[in-house]
Amino acid sequence: MPKKDGSGPPGGSGPGTGTGIGRGGGGRGRMGGTRPGSGPGGECVCPNCGTTAPHQQGIPCTQISCPNCGTGMVKK
């Protein structure tokens, strides 16, 4: 209420009434999404030659080199 006399926006729709994300939002959090590559399981795949290797928890696939061609792998 700008004038503190009750003449603010009708229905109380001014600032501070939204449902923004903020703390406790609806996100899944770190590594908990449903997109490909999220989570601890899965495989590492070479984008160059298609070779696959099991993903090792705690080691990003991008830090693993393909055993066939040496290219950095990606998570499948």
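What are the ³J(HN,Hα) values, in whole Hz, obtained from phi via the Karplus relation 6.51 cos²θ - 1.76 cosθ + 1.60 with θ = phi - 60°, for each residue of region 54-64 in sequence order, with x given for Gly and Pro?
Working through the residues one at a time gives x, 6, 9, 4, x, 10, x, 4, 5, 8, 9 Hz.
Under 5 Å between amide hydrogens, which residues at least 5 positions from Gly72 or on another chain qualify, with H placed 1.01 Å from N in the peptide plane?
It is Cys66, by chain and number.
Could you tally the net charge around Ile64, taking each other residue with its Cβ under 13 Å from the Cβ of Ile64, Lys/Arg +1 and Asp/Glu -1?
Charge balance near Ile64 sits at +1.
No lab work stands behind these numbers, since they all come straight from the coordinates. Small disclaimer: the values here were computed from a predicted structure and weren't measured. Don't worry about glycine lacking a Cβ; one is built from the backbone with ideal geometry, like all the others, and counts go over all protein chains shown.
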